[in-house]
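Since the structure comes first, as structure tokens, the remarks are kept for the end.
The values are calculated or read from the model by the stated rules, or taken from the named source; none is laboratory data. Computed from a predicted structure; not experimentally measured. Reconstructed Cβ throughout: ideal geometry from the backbone, glycine too, with neighbour counts over all protein chains shown. We work out accessible area using only protein heavy atoms, side chains counted, and drop any ligands, DNA or RNA first. Shrake-Rupley method; radii C 1.70, N 1.55, O 1.52, S 1.80 Å.
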Amino acid sequence: MYLKVSYEIRDKYLRKDMLPTIFCPGCGIGSVLQYTLRAIDELGWSKEEVVWVSGIGCSSRVPGYVDFDGLHTTHGRALAFATGIKMANPNLKVIAFMGDGDTAAIGGNHFIHAIRRNLDITVILINNFTYGMTGGQVAPTTLKGLRGTTAPYGSFENPFDIAELAVAAGANYVARWTVFNYIQGINSIKKALQKRGFSLVEFLSPCPISFGRRNRMKTAPELIRWYNKITVPISKAKNMSPEELKDKIVIGEFVDRDRPSLDEEYEEYKKRAKEMMGWEE
Amino acid sequence: MKYPFPVGKSDFIQGDEAIARAAILAGCSFYAGYPITPASEIFEAMALYMPLVDGVSIQMEDELASIAAIIGASWAGAKAMTATSGPGFSLMMENLGYAIMTETPIVVVDVQRSGPSTGQPTLAAQGDVMQAIWGTHGDHSLIVLTPATVQEAFDMTIRAFNLAEKYRTPVILLTDAEVGHMRERVNIPNPEDIELVYRKLPANEEEAKYPFGDIHGDLIPPMPIFGKGYRTYVTGLTHDERGRPRTVDAEIHRKLVERIVNKIERNKEDIIDFEIFELDDADVAIVSYGIVARSAIRAVKMLRNEGVKAGLLKLNVVWPFDFEMIEKVAERVHAIYVPEMNLGQLYHLVKEGANGKARVELIPKIGGEVHTPQEIVKAVKRCEKCI
């Protein structure tokens, strides 16, 4: 794969007057943003046809840095707003940039229902196992035993597997990578963007400042090594026993299917309504 | 355009149904909702009509999502509405604030029922007045309309869309279970006779750069809707004229929030709407709104028959509030009575407006029934005797 130098991507897509970003040293959000912009660039999409939506959190600040239409909304509600945007103007391509707390905690209900409806949207999910912006509280994704400021002795709750949740709720495309799988990441985003219906690309992303420091991984490289240790490619996971998969996170492509999207279904619904009512325009 | 209901003639319909029909005639093309008594009939009518007129009607997972969806739809260029009742209205407070901060035209219908909490789902109340005005956090302003009849529910729904589009603001149509469920004859005009307002769009690229700037000197920025190449960034954070987050600058925050408040406050004259009845020579005034105003009109007639010179001020808009007008009324009467289906909400605004120029008395009633005219008469006479 040919990769353009990053300043070309930066100059083409970022709002210079919004920089610098709020992101901390070692944060993975900038990398994922770059992958997303590269995917858009390679697909040749114009700025006019794309809307970026987000909720609240570090990753939710992304729509402010890109030179597209963007709606930075309330905590957890990005996909509910996106439903309105997409259904009011199905020609728009909608990308939601979300965090794990935003998606799986306060926005959990909106998340599963947007997937159930198969809303035509691509969710780019930054999963850093913590609430970074508010200073490192535990999230519904925090693995058992890992520390956050609101569970200083280690999380005692079971975490969500967001990718599996999305598969079960009916998403058309789901993939999970770490931020360091950049080739796979960009390819997955490209696939997700082209997919009609709900698509999710989750990235395990380092947060050394709010998460790593509290868990004896103060730098991004330490978090990379940890990700390497805890992740298993899906091809390999298929032949592993549940005991072997305990405490492991599976990465790879989880599902790739083509169920009709919400806007396609609604078009059919309108036709049905008119037929049933004998409606002639 | 063809309509899925008769136009240019009158029809005998429920208040909720009238609101749905008016929304479609006002150009509403997106409805999102969640079932709730006594507002479900609005949703059901929208669900029936919208697919036929190429609009969208969608059932969301809750009221948080319903209002979020209509805000999204509004930024995508649609006129959008949701409807709910108290419990759902409470959930909407979060994104109502977002709509105010991002200056998004939307219409939210609250068909009031008795609260707090689940309360009396099928019975009417006026307990959400203060919530409609002040329910969302932070300094703000918005517009709240209060219909008393099914015809008014119809007319004010159209007006709600027009005001939302004109002032780029959320508008609340604050009605109640009585008006919502009551059937009355409604005159539905020909669509070409209905005056419709559409949001101001940026005239050019330069104007589009200031989606939150007072570039025309009228405090209302043009709205660069999505998908037109304007590349607008919209945030609920404090933002500058270009929409960029500026969260620690006191001056930018003050300028933004004051403009949002002032665009309503300085256009009070255009927004406020009221009716007066027998007020010219009155010694006592009744200030009323919504369903109770209908009992109040009758009460005025009955009081006059009994020798009490009473008059009525019926408010069709309860926010922005015309404190000066209340003071003028207070100067001419010795007492103002405020019958409300709550334990005193608008009463406090009237009292502030009266500014001590007249005695202001509350006639409260809760439990789900509207005041009878006799009850208002009795309360007025009892108080008048005790002077």
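Counting heavy atoms of the protein chains only and a 1.4 Å probe, report the per residue accessible area for the stretch B:1-153 as a whole number of Å². Before the final figure, lay out each step's value.
Values: 3860 Å² over 153 residues.
Dividing the accessible area of the stretch B:1-153 by its residue count gives 25 Å².
No solvent, one uniform scatterer per C-alpha: report log10 I(q)/I(0) for the stretch A:156-197 via the Debye equation at q = 0.15, 0.31 1/Å, two decimals.
Debye output, listed in q order: -0.45, -1.07.
Keeping the other protein chains in place, figure out the carbon and sulfur percent of the accessible area of the stretch B:275-385, with a 1.4 Å probe.
Reported share for carbon and sulfur atoms: 50 percent.
With heavy atoms of protein chains only and a 1.4 Å probe, what residues of the stretch B:7-38 have at least 30 Å² less accessible area in the full set of chains than alone?
With the partner chains in place, the stretch B:7-38 has these residues losing at least 30 Å²: B:Phe30.
List the accessible area buried at the contact between A and B, summed over both sides and calculated with a 1.4 Å probe, in Å² to the nearest 100.
It comes to approximately 3600 Å² buried between A and B.
Kindly identify residues of the stretch B:227-253 having a loss of at least 30 Å² in accessible area between the isolated chain and the assembly of all protein chains, probe radius 1.4 Å.
Those are B:Gly227, B:Gly229, B:Arg231, B:Tyr233, B:Leu237, B:Arg244, which lose 30 Å² or more relative to the chain on its own.
Distance between Cα centroids, the stretch A:1-76 to the stretch A:215-240: provide it in whole Å.
About 26 Å separates the Cα centre of the stretch A:1-76 from the one of the stretch A:215-240.
Specify, per residue and in Å³, the volume enclosed by the convex hull of the alpha carbon atoms belonging to the stretch B:275-385. Can you show the working numbers first?
Working: hull volume 9.6 nm³, N = 111.
Normalising the Cα hull of the stretch B:275-385 by residue number yields 87 Å³.
Can you work out ³J(HN,Hα) from phi for every residue in the stretch B:101-112, in order, using Karplus 6.51 cos²θ - 1.76 cosθ + 1.60 and θ = phi - 60°, giving whole Hz and x for Gly and Pro?
With coefficients 6.51, -1.76 and 1.60, one gets 5, 9, 6, 9, x, 9, 10, 10, 9, 10, 8, 5 Hz.
So how do A:Met276, B:Met92 rank on accessible area, 1.4 Å probe, biggest first, that is with the largest at the start?
Order by accessible area, largest first: A:Met276, B:Met92.
Need the list of lysines near B:Lys357 for cross-linking: C-alpha distance under 24 angstrom, and skip anything on the same chain fewer than eight residues off.
The reachable lysines, counting only those whose Cα sits under 24 Å from B:Lys357, are B:Lys268, B:Lys309, B:Lys314, B:Lys328, B:Lys378, B:Lys381, B:Lys385.
Given the options A:Glu244, A:Glu264, A:Glu202, state which has the largest fluctuation in a GNM of chain A using a 10 Å cut-off (strictly under) for Cα springs.
Maximum fluctuation in the GNM of chain A, among the listed residues, is at A:Glu244.
For chain B, which longest stretch is free of loop sites, where a loop site is one of the GluC sites (Glu not before Pro) that DSSP puts outside H, G, I, E and B and that has at most 15 other Cβ atoms within 10 Å?
For GluC sites (Glu not before Pro) (loop position, at most 15 other Cβ atoms within 10 Å), the longest site-free span of chain B is B:1-194.
Using the Kirkwood radius built from alpha carbon pairs, what does the Stokes-Einstein equation give as D for chain A at 10 °C and 1.306 mPa s, in µm² per second?
D = 82 µm²/s.
How much net charge surrounds B:Leu123 when only the other residues with a Cβ under 10 Å from the Cβ of B:Leu123 are counted, with Lys and Arg +1 and Asp and Glu -1?
-2
Given a cut-off of under 8 Å on Cα pairs at least six residues apart, what relative contact order in percent is computed for chain B? Could you put the intermediate results ahead of the total?
On the way: 878 pairs, mean separation 60.8, N = 387.
Contact order relative to length: 16 percent.
If R₀ is 51 angstrom, what is the calculated FRET efficiency for the pair A:Asp258 and A:Asp17, using the beta carbon separation as r and rounding to 0.05?
On the way: r = 40 Å, r/R0 = 0.79.
The pair A:Asp258/A:Asp17 has a calculated efficiency of 0.80.
Once you have the alpha carbon radius of gyration of chain B, what is it after dividing by 2.2 N^0.38 Å, with N set to its residue count? Kindly include the intermediate steps, with their values, before the conclusion.
Values: Rg = 21.1 Å, N = 387, 2.2 N^0.38 = 21.2 Å.
Here the answer is 1.00, to two decimals.
Using θ = phi - 60° and the Karplus form 6.51 cos²θ - 1.76 cosθ + 1.60, what ³J(HN,Hα) does each residue of the stretch B:280-285 get, whole Hz, x for Gly and Pro?
The phi angles translate into 4, 10, 6, 8, 10, 10 Hz.
Going Cα to Cα from B:Lys301, which aspartates and glutamates come in below 15 Å? Please leave out same-chain ones fewer than 8 positions away.
Here the aspartates and glutamates satisfying the reach criterion relative to B:Lys301 are B:Glu278, B:Asp280, B:Asp281, B:Asp283, B:Glu375.
Can you sort B:Thr102, A:Thr231 by solvent-accessible area, 1.4 Å probe, largest first?
A:Thr231, B:Thr102
Which of B:Pro116, B:Pro105, B:Pro364 moves the most in a Gaussian network model of chain B with Cα springs under 10 Å?
Top of the fluctuation ranking is B:Pro116.
Using only protein heavy atoms and a 1.4 Å probe, report how much of B:Tyr230 is accessible, in Å² to the nearest 10.
Around 60 Å² of this residue is reachable by solvent.
Convex hull over the Cα atoms of the protein assembly as shown, averaged projected area in nm²?
The directionally averaged projection comes out at 32.6 nm².
Counting only protein heavy atoms and using a 1.4 Å probe, what share of the accessible area of chain A belongs to carbon plus sulfur, as a whole percent?
Values: 6220 of 11900 Å².
Answer for chain A is 52 percent, counting heavy atoms of protein chains only.
Counting alpha carbon pairs within less than 8 Å and at least 6 residues apart, what relative contact order, in whole percent, applies to chain A? Before the final figure, lay out the partial values.
Working: 546 pairs, mean separation 48.4, N = 281.
In percent, rounded to a whole number, it is 17.
With chain A treated as a Gaussian network of Cα nodes joined by springs under 10 Å, which of A:Val50, A:Val138, A:Val94 yields the largest mean-square fluctuation?
With Cα springs under 10 Å in chain A, the top fluctuation among A:Val50, A:Val138, A:Val94 is at A:Val50.
Taking the stretch B:9-193 as the region of interest, what is the percent of Cα-Cα pairs per 5 angstrom bin, listed from the shortest bin to the one with the maximum distance?
1, 10, 19, 24, 23, 14, 6, 2, 0
Over 21 Å between Cα atoms, which of A:Lys12/A:Lys93; A:Lys195/A:Lys271; A:Lys47/A:Lys190; A:Lys274/B:Lys9 qualify?
A:Lys195/A:Lys271; A:Lys274/B:Lys9
Just want to confirm a number: the relative contact order over the stretch B:149-302, from Cα pairs under 8 angstrom separated by 6+ residues, in percent.
Once normalised by length, the contact order is 18 percent.
Any idea how far the Cα center of the stretch B:188-214 sits from the one of the stretch B:60-103, in Å?
With the stretch B:188-214 and the stretch B:60-103 each reduced to a Cα centre, they are spaced 20 Å.
In square angstrom, what is the accessible area per residue of the stretch A:72-117 with a 1.4 angstrom probe?
I get 21 Å² per residue for this part.
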